[in-house]
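Visitor: The following block contains the structure, expressed as structure tokens.
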């Protein structure tokens, strides 16, 4: 696991509590006899309370294990990247990098799906919609910032790098207006002291043709022997045919 004072396994005895805090993110956890109280401290200050009010927290009945595992994950909904500054000529490919805020997951005893207590986003993202009004999907807005090299990214312990490669196999120039990043298909890998998602590769064949997306481990981005620290949320095939780009239609009022 990349160096982070929060991620990892922690032992907390019944009756004790601990505050996991770093930068602008803070969680209070109290161990009860057979459960846990989790307090999401959304507005942490530089002076953390030593005795927070756990009466306002959420209680989870889990049994006798005193182990708590805190792990990184990706947002629960897809992310929409507005890439209007990016253009790809026919027959060429473009690789760029996005910075994605992580979600913190809390498990009791072991890191396995049935032991998940709660997941808390480190950064609240705005809701958005991808696709046509009656044929789309809910998502989070990621913004329009991108990087041409991972070395350009100033990464916090609660952010991950997402490598994106677009292959333009159409007859015209591709202007990336809105691109969806389906986070459920991405894994998280440890690369030295950074967290890197799977590489997203999209083949574009034209506006009226559904593009394909695939998700890869790549030595260039993940290192020689990268450790997968978080599996994809969704169990799916490696290659998926879906709508990955959404082109905004310009509507003009017809003058009589």
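Visitor: Go from 0 up to the bin containing the longest alpha carbon distance in the stretch 89-174, width 5 Å each, and give me the % of pairs per bin.
Guide: The percentages, shortest bin first, are 3, 11, 13, 15, 18, 18, 12, 6, 3, 2, 0.
Visitor: Just grab the label-to-label distance for residue 224 and residue 67, each label 7 Å out from Cα along the Cβ direction, in nm (one decimal).
Guide: 3.1
Visitor: Okay, next question. Eigenvalues of the Cα gyration tensor times 5, then square-rooted: what semi-axes does that give for the chain, in whole angstrom, largest first?
Guide: Details: eigenvalues 301, 83, 54 Å².
Over the Cα atoms of the chain, the semi-axes work out to 39, 20, 16 Å.
Visitor: Still on this model: Tell me what the chain gives for mean residue ellipticity at 222 nm when only DSSP H runs of n ≥ 4 count, each as -39,500 (n - 2.57), the sum divided by the residue total, rounded to 500 deg cm²/dmol.
Guide: So the calculated ellipticity at 222 nm is 0 deg cm²/dmol.
Visitor: Something else about it: With a 10 Å radius around each residue's Cβ, average the other Cβ atoms per peptide and rank 27-39, 59-71, highest first.
Guide: Highest to lowest by the protection proxy: 27-39, 59-71.
Visitor: A further question on this structure: Please list 83-89, 102-108 highest first by mean number of surrounding beta-carbon atoms within 10 Å per residue.
Guide: 102-108, 83-89
Visitor: If you don't mind, another one. When the Cα centres of the stretch 174-214 and the stretch 129-156 are compared, how far apart do they sit, in Å?
Guide: Distance between centres, Cα-based: 10 Å.
Any read-out appearing in this document is the output of simple, stated calculations on the displayed coordinates, not a laboratory observation. No experiment lies behind these values; they were computed from the predicted model shown. Neighbour counts run over all protein chains shown; Cβ positions are idealised from the backbone, glycine included.
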